[in-house]
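All remarks here apply to the structure that follows.
The values are calculated or read from the model by the stated rules, or taken from the named source; none is laboratory data. Small disclaimer: the values here were computed from a predicted structure and weren't measured. Here the Cβ positions follow ideal geometry from the backbone for every residue, glycine too, while neighbour counts run over all protein chains shown.
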Amino acid sequence: MFKNVGKSSFDEINLEKGFYVLHFQNESNKVQNFEREINSTFIQIHFCLRGSSKFLFNNGSYSFDVLDNRSILLYNPQRILPINLEIQPKTTLISLLISIEKFHSLFSKESGHIPFLSDENSNRKYYDDAEIKPTVSVVLQQIINSNINSSIRELYVKGKVYELLSLHFQKDETAGGEYCPFLVDEQNVLKIRKAKEIIIANMAEPPSLQELANEIGLNIKKLKEGFKQIYGDTVFSFLFDYKMEHSRRLLETNQYNVNEVGLQVGYSTASHFIAAFKKKFGTTPKKYVMSLNN
């Protein structure tokens, strides 16, 4: 097991009993090795975001490759599959280790389309190799880049892992593919995050979509598709919700009147701000403040 070896790192998060996340980052020019005991009751899902890795079994007599932008799932209730991993240079890998009992509890209603959960396959080995979906790639990047206070990081990662599992096993009912492949590129994901930071910092006078796209270095189509995919909303719907939440918090301080709050979030007239606030919260700013005082 390596923790930090030169430009390489390893992180393990114990989400709960029978549920682990492993994150490998090999930025060196050498192959790194990792070994971990694991019993036969665990499902292993390995996601290679870049580079490649090799899993060795039975003292190296056979192996599985996890290639760039692909995932493998391993489950064999009849024999132990300890992790013996060769991580190639310039490789990023995230692995989920989840007990079959925990997995069943999450997907009991979906067993019809998850092959190894069906009754006839319950004692059979299962192996799957698949391309990482763009939506899954986004969540994996969010897990990797989670710069969150350590006391709540495990809770954040746990929520993201649940999201990851639901997306990974989701039936593909859109043969044409409604997902946006450009999001597989980590740099484009970072550009979308930068766009969010820009509109929040300039919420009183936000840039136009074209100006925003120019500033982050994406075209408008990719900006709109990417923002919707990561944040679940359009750029300006997201900004509207953010402005309303921000204005609500400002009102709660009792330091600003309605006109001042409206101006801070970009409304030149009180009437427009009041209408927007009521649309979001179902009450006027004044009545909201009165309800707090009461």
Scan region 58-73 and tell me whether some residue there is modelled with pLDDT under 85 and in contact with a Leu (Cβ under 6 Å, 6 or more places away or on another chain). yes
Name the residue that is nearest to the chain's Cα centre (by Cα), counting only residues in region 188-244 that are within 22 Å of residue 135 (Cβ to Cβ) and polar (S, T, N, Q). 229
When the residues of region 66-106 are filtered to those that are small (Gly, Ala, Ser) and in a strand (DSSP E or B), which remaining residue is farthest from residue 131 (Cα to Cα)? 99
Go through region 190-209 and report how many residues are small (Gly, Ala, Ser) and either touching a Lys or Arg at 6+ places or on another chain (Cβ under 9 Å) or within 15 Å of residue 241 (Cα to Cα) (or both). 2
Would you call residue 241 in a helix (DSSP H, G or I), without any contact (Cβ under 8 Å) to a residue 40 or more places away in the chain and not small (Gly, Ala, Ser)? yes
Look through region 52-64, keep the residues that are touching a residue at least 24 places away in the same chain (Cβ under 8 Å) and in a loop (DSSP other than H, G, I, E, B), and return whichever of them is surrounded by the fewest Cβ atoms within 10 Å (Cβ to Cβ). 60
Checking residue 233 against (1) surrounded by fewer than 18 Cβ atoms within 10 Å (Cβ to Cβ); (2) part of a helix (DSSP H, G or I): exactly one of these is not met. Which one? (2)
Only listed residue being surrounded by 19 or more Cβ atoms within 10 Å (Cβ to Cβ) and within 22 Å of the chain's Cα centre (by Cα), chosen from 67, 49: 49
Please identify the pairs in which a residue from region 10-31 that is more than 15 Å from residue 54 (Cα to Cα) has its Cβ atom under 6 Å from the Cβ atom of a residue that is aromatic (Phe, Trp, Tyr), counting only partners at least 6 apart or on another chain. 10/2; 10/24; 14/20
Considering 132, 143, 152, which residue is modelled with pLDDT of 75 or more, over 15 Å from residue 69 (Cα atoms), among the aliphatic types (A, V, I, L, M) and touching a strand residue (DSSP E or B) at 6+ places or on another chain (Cβ under 8 Å)? 143
The correct count of residues that are free of Cβ contacts under 8 Å to residues at least 60 places away in the same chain and either exposed (fewer than 12 other Cβ atoms within 10 Å of the Cβ) or outside any loop (DSSP other than H, G, I, E, B) (or both) in region 252-267 is 10
Give the residue that is farthest from residue 203 (Cα to Cα), with candidates limited to residues of region 268-293 that are part of a helix (DSSP H, G or I), among the small types (Gly, Ala, Ser) and more than 32 Å from the chain's Cα centre (by Cα). 291
Please count how many residues of region 200-214 are touching a residue at least 60 places away in the same chain (Cβ under 8 Å) and either out of contact with any helix residue (DSSP H, G or I) (no Cβ under 6 Å at 6 or more places or on another chain) or of a type in the set (A, V, I, L, M) (or both). 3
